[in-house]
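The values are calculated or read from the model by the stated rules, or taken from the named source; none is laboratory data. Just so it is clear, the model here is predicted, and its values are computed rather than measured. Heads up, the Cβs are rebuilt from the backbone with ideal geometry, glycines too, and the neighbour counts pull from every protein chain shown.
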Amino acid sequence: MAYSLPDIAVTGAVIEAAWGNAVRGSLAETAPAKATTKGDLWVATGLNAGARVGFTGAGGQILITDAAEASGVGWHRIDYANLTQPHAVSGSATLGAVTGVWAGALIGDASSDGSAFATLMAWDSTAWVSSVFDLIAYIVSPQTGNLRYNYTVFYGAFGEDKDTHTVTQGTTTLAMTADQINKVTIASLSGIADNDLIGIQFEREGSDGADTITDLYVLGFVTVWTPRT
């Protein structure tokens with residue numbers, strides 16, 4: 001039964017069963033009657049109409065507008081990210097290079113190796129963020145061809161050895177399209193702790209004959225973390 005506003009009862013009127021049932025039916029469509037679980041919400045879906053939005057029970061989710069939901073809103077997990085540009089370089093790389101309006105490190109010698117480095121911090125991972133951080137490199141080349149690369153990641157906390165945890169990737173080939181931004185997932189840093197420092201070295205193996213691009217720009221490194229569920 002849809003909600004409808006009951007007629008006004010006047011003094012001396014006889015309350016009939018139909019009127020009482022109509023009131024009862026309308027009350028059944030209101031928020032207190034629809035709620036079943038702690039955290040439930042009741043939202044309007046139109047004129048004199050509404051729907052229960054059930055609480056998912058998953059920590060870290062927020063309520064946002066969602067046209068795909070009948071109610072117009074829904075609980076969703078939001079991932080968070082933070083970008084850090086390279087802080088230092090070695091070999092054939094130069095820092096502070098610009099391609100268009102994009103700044104980063106340029107590894108531009110197609111016949112020798114070069115690396116871009118950055119230091120990042122894990123953000124409050126044990127408070128409400130999940131214990132897995134994804135570390136991603138964003139890179140671009142003005143040329144179409146193959147990139148040969150490897151990386152090393154260290155992470156640890158204050159008072160620990162700087163390379164308490166190590167993640168490495170051997171030589172890998174990535175097909176590059178001219179001026180197309182590429183995302184390279186460096187590592188999923190399992191077990192990372194609150195305020196761990198993360199060190200990353202991303203190396204282009206330009207001396208490898210299979211590396212066929214001329215210039216590589218490392219635009220930055222991104223940590224992506226997910227609220228706890």
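Just a few scattered comments:
- Residue 113 at pLDDT 90 or above and of a type in the set (Asp, Glu): yes
- Scanning the range 157-176 for residues that are touching a Gly at 6+ places or on another chain (Cβ under 9 Å) and either closer than 13 Å to residue 210 by Cβ or of a type outside the set (Asp, Glu) (or both) yields 162, 164, 165, 175, 176.
- Qualifying residue in the range 178-193 (condition: more than 30 Å from residue 100 (Cα to Cα), of a type in the set (D, E, K, R) and either assigned by TED's automatic domain parsing to the domain that holds residue 114 or over 25 Å from the mean Cα position of the chain (by Cα) (or both)): no
Table: residues versus (1) modelled with pLDDT under 95; (2) closer than 21 Å to residue 108 by Cβ.
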{"site": "177", "(1), (2)": "no, yes"}
{"site": "180", "(1), (2)": "no, yes"}
{"site": "190", "(1), (2)": "yes, no"}
{"site": "193", "(1), (2)": "yes, no"}
{"site": "200", "(1), (2)": "yes, yes"}
{"site": "212", "(1), (2)": "no, yes"}
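- Some residue of the range 134-156 being in the same structural domain as residue 109 (by TED's automatic domain parsing), assigned to a strand (DSSP E or B), loosely packed, with under 15 Cβ neighbours inside 10 Å and of a type in the set (Val, Ile, Thr): no
- Any hit, the range 60-83, residues being at pLDDT 75 or above, basic (Lys, Arg) and in contact with a Ser or Thr (Cβ under 8 Å, 6 or more places away or on another chain): no
- Residue check, residue 211 of a type outside the set (S, T, N, Q) and either under 26 Å from the mean Cα position of the chain (by Cα) or surrounded by 18 or more Cβ atoms within 10 Å (Cβ to Cβ) (or both): yes
- Given (1) surrounded by 14 or more Cβ atoms within 10 Å (Cβ to Cβ); (2) at pLDDT 80 or above; (3) touching a strand residue (DSSP E or B) at 6+ places or on another chain (Cβ under 6 Å), number of the condition residue 88 does not satisfy: (1)
- From the list 192, 213, 186, the one residue that fits, being touching a residue at least 40 places away in the same chain (Cβ under 8 Å) and part of a strand (DSSP E or B), is 186.
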